[in-house]
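Note sheet for the following structure.
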Amino acid sequence: MRVLTTILLKILGFFVLLQIALRIIKRFYVFSPPAFMGPFLDSDFRRKLQSPDKVIKRSGITEGMRILEVGCGSGAFTTFAAKASGIKGEIYALDIQPKMLLQLKKKLSRPENRDIKNIKLIEGDVHKLPFDDNSFDVVYTVTVLQELPDKNRALKEMKRVLKPSGILAVTEFLPDPDYPFKSTTIKLGEEAGFILDKVEGNLWNYTVRFKAQKSR
C-alpha cells in the first residue's frame with residue numbers, strides 16, 4: 001500500500017511541476033499543442049476527465065445545425081458534434097496544423113466512424129476564417145481560445161461567420177496549461193461584442209455560451 005501511495009504521489013508531483021513549468025513558459029510564448037499530443041488529446045483517459053457528450057450539449061448543438069469547430073485538433077469532440085447535429089447537420093472542423101487534421105482524417109476512416117458523412121476538414125487560421133458572413137449556427141472551441149495570439153481578432157472573426165442568432169461556445173478545462181477563469185473568458189467574449197447567454201459546468205470544466213446578437 002505504501003509503495004502504491006508513493007507512486008501516486010510521485011505522479012501527482014510530476015503533474016503539478018509540469019503544469020507549473022508549462023504555465024510559466026506560456027506566459028512568454030503562445031503556441032498550440034504539438035501534433036504528437038494528438039493521440040492523448042483524443043484518448044479514453046481524456047474523455048473520462050472531460051465528457052465530449054456534455055461539452056457538445058452545453059455548446060447548444062442540436063440536429064440540423066451548421067457548425068464550425070475552431071481548433072479541432074485530432075478530433076476529440078468532432079465526431080460527437082457530428083452525431084449530435086445529425087444527417088442534416090454540417091460540421092466544419094478547422095485547424096491550423098495539417099498533421100492534426102491528418103490524425104482526424106484517419107480517425108474518420110475507422111469502421112466505427114465510416115457512417116459519419118457530415119464532417120468537412122478545413123486547414124485554416126481562425127484570425128482569417130475562409131467563410132462568408134453569417135454562415136454558422138454555432139461556433140465552438142474547446143481549450144483553444146487562450147492559445148490564440150490575437151484573441152480579440154479571432155473572436156470577431158467567429159462573430160462575423162455566425163448567423164445573427166448564432167451561438168459561440170467556449171469550453172475550458174483546468175488541466176490545460178492555458179486555463180483561464182470564467183471571468184476572463186466572459187470578459188474576452190463581451191469585449192469582442194458578444195452577449196453572455198449561459199455559463200455551465202464548474203471550476204474544473206466549464207462552458208461559456210454567448211449570443212452573436214447581430215443586426216440582420
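Every read-out reported here was derived from the displayed coordinates using simple, explicitly stated rules and does not represent laboratory data. Because the structure is a prediction, the values reported are computed rather than measured. Neighbour counts are summed over all protein chains in view; Cβ atoms, including those assigned to glycine, are modelled from backbone coordinates with ideal geometry.
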Open item on the list: On alpha carbon coordinates alone, what is the Rg over Rh value for region 31-211, Rh being the Kirkwood radius?
Closed with: 0.92
Task: ³J(HN,Hα) computed for each position of region 159-170 - Karplus, 6.51 cos²θ - 1.76 cosθ + 1.60, integer Hz, glycine/proline x - done: 5, 4, 7, 7, 5, x, 9, x, 10, 10, 10, 10
Task: Cα-based reach from LYS128 at 16 Å (exclusive), listing lysines while leaving out same-chain residues under 8 positions away - done: LYS151, LYS156, LYS159
Open item on the list: Classify region 62-113 from the C-alpha gyration tensor, please: rounded if a/c falls under 1.5, else prolate or oblate depending on whether a/b exceeds b/c.
Closed with: oblate
Open item on the list: Using each residue's phi in region 124-136, evaluate 6.51 cos²θ - 1.76 cosθ + 1.60 at θ = phi - 60° and report the 3J(HN,Hα) Karplus result to the nearest Hz, with x for Gly and Pro.
Closed with: x, 10, 5, 6, 8, 5, x, 9, 6, 4, 6, 9, 10
Open item on the list: So if each residue of separation counts as 0.36 nm, and I subtract the Cα-Cα distance between ASN134 and GLU63, what length gain in nm does that give?
Closed with: 23.7 nm
Task: Peptide ranges 138-144, 54-60, 126-132 listed from the most packed, as the mean C-beta count within 10 angstrom indicates - done: 138-144, 54-60, 126-132
Open item on the list: Could you tell me what a quarter of the Cα convex hull surface of region 150-216 works out to, in nm² with one decimal place?
Closed with: 4.3
- [ ] Would you grab the residues whose amide H sits under 5 Å from the one on ASP197? Only those 5+ places off in sequence or on another chain, please, with H modelled 1.01 Å from N.
- [x] ARG209, PHE210, LYS211
TODO: Return the sequence-ordered ³J(HN,Hα) values of region 195-207 in whole Hz as given by the Karplus equation 6.51 cos²θ - 1.76 cosθ + 1.60 applied to θ = phi - 60°, using x for Gly and Pro.
DONE: 10, 5, 10, 7, 10, 10, x, 9, 4, 5, 7, 10, 10
